[in-house]
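One structure is given below, encoded as structure tokens.
The values are calculated or read from the model by the stated rules, or taken from the named source; none is laboratory data. As the structure is a computational prediction, the values presented were derived from the model and not from experiment. Because the Cβ atoms are built from the backbone with ideal geometry, glycine has one as well, and the counts that use them run over all protein chains shown.
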Amino acid sequence: MTKKSPSAVATSHVQDFLADLKLLSNLPTSKKFQKITLDEYPLDAQLLHSSALYRASREMYLELGGVFEAKVCSTMRSLSAQDLFADVIQYSPSWSELLWFRDHSEELADPDKELEALGRFNEISLYHEQNHRVLWRLLPPAPKDATGFRRYLNFAESLVVVLDLALGDELGKKLSPIYEDLKVIYRSGGEHTYHTKDLASYRKYLLAMVCATYCTLELVNPEDIVKVVDYVFPGQKKMNKDATARSLEINELFTRVTNPQWQERYWQEAQKKLAKIHKPSKEDVFELASDPLDLEAEFQLALRVFEYYGL
């Protein structure tokens, strides 16, 4: 190991990361969740202690027979090699390495490079990945045609994204951005207060975000999305405006490049795998409306998902 030179000083980025890591690593944990805590997954014990939604996701994934593999996994390998329809999720067992960096970064010649290297293997949210696998069991069978299947996948992704946002709300305005910065969750929350109100009001907000996120993934003109949400959910313009603004924060590269390219390349393979998952189902095929303005029954299904998660 190369000691740092006297002139080497940790950048503000490293200093902020260390402060965030120290704060979160000192949050309480609970022995009663030890059986479902993943060894060496960063901040898993802290999240299981503080979030009922995070715990519910883990428990539901394990109940369907899901397993985890502690293997070094880069962001790129996760995107290209992990099977979204298999109940096996890999994660980088890096907690000890992060704690060592927290306590010894001043000994490194270039802590920025070390942090950059660590980051390449610590950008996967297991909560998000679990929810995809759980959701396939909650949704009815998928359409067979390419266009209908695209809508189906985008609706499913919208639900998973909104579950990310709900976790951010539960973790709160102070801590969720820090968890997001450390890449263990994908979206922060708490900037709006709907989650602090009654459950019925919060569900309206969540449904508005599902609608706005779905429109975003369907590549509706961003300027028109709030109009769609207002039409589908009349009488709540302020809420719809807030929900749409938050939904539009989704990564544009994902919505316009990664997601469409993945669907175009893998939709037939994905359809076969989903058909196998849904083979025991007696529900009708889930055909989404071709026009987002006609969305209605779809949100009853979204409510079913939220209720299943305790939202």
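Some points to look at:
- Given (1) in the same structural domain as Gln263 (by TED's automatic domain parsing); (2) within 23 Å of Ala52 (Cα to Cα), index of the condition Asp87 fails: (1)
- Number of residues in the range 255-311 that are surrounded by 15 or more Cβ atoms within 10 Å (Cβ to Cβ) and not in a helix (DSSP H, G or I) equals 7.
- Among residues of the range 235-251 that are farther than 12 Å from Gly189 by Cα, those with a Cβ under 7 angstrom from a residue that is aromatic (Phe, Trp, Tyr) and surrounded by 21 or more Cβ atoms within 10 Å (Cβ to Cβ), sequence gap 6+ or separate chain, pair up as Met239/Tyr205.
- Whenever a residue of the range 118-145 is farther than 19 Å from Ser92 by Cα, its partners that are among the basic types (Lys, Arg) and buried (at least 18 other Cβ atoms within 10 Å of the Cβ), lying with C-beta atoms within less than 9 angstrom and at least six residues away or across chains, give the pairs Pro143/Arg151.
- Against the list (1) closer than 21 Å to Trp262 by Cβ; (2) modelled with pLDDT of 95 or more, the condition Ile124 fails is (2).
- The range 171-203, residues that are among the basic types (Lys, Arg) and either under 18 Å from the mean Cα position of the chain (by Cα) or assigned to a helix (DSSP H, G or I) (or both): Lys173, Lys174, Lys183, Arg187, Arg203
- Candidates Leu84, Leu99, Leu115: the one that is touching a His at 6+ places or on another chain (Cβ under 7 Å), touching a residue at least 40 places away in the same chain (Cβ under 8 Å) and either of a type in the set (A, V, I, L, M, F, W, C) or assigned to a helix (DSSP H, G or I) (or both) is Leu84.
- Residue, nearest to the chain's Cα centre (by Cα), within the range 204-251, restricted to residues that are acidic (Asp, Glu) and either closer than 20 Å to Ala166 by Cα or surrounded by 15 or more Cβ atoms within 10 Å (Cβ to Cβ) (or both): Glu249
- From the list Phe149, Phe155, Phe101, the one residue that fits, being surrounded by 16 or more Cβ atoms within 10 Å (Cβ to Cβ), closer than 25 Å to Asn259 by Cα, over 17 Å from the mean Cα position of the chain (by Cα) and among the aromatic types (Phe, Trp, Tyr), is Phe149.
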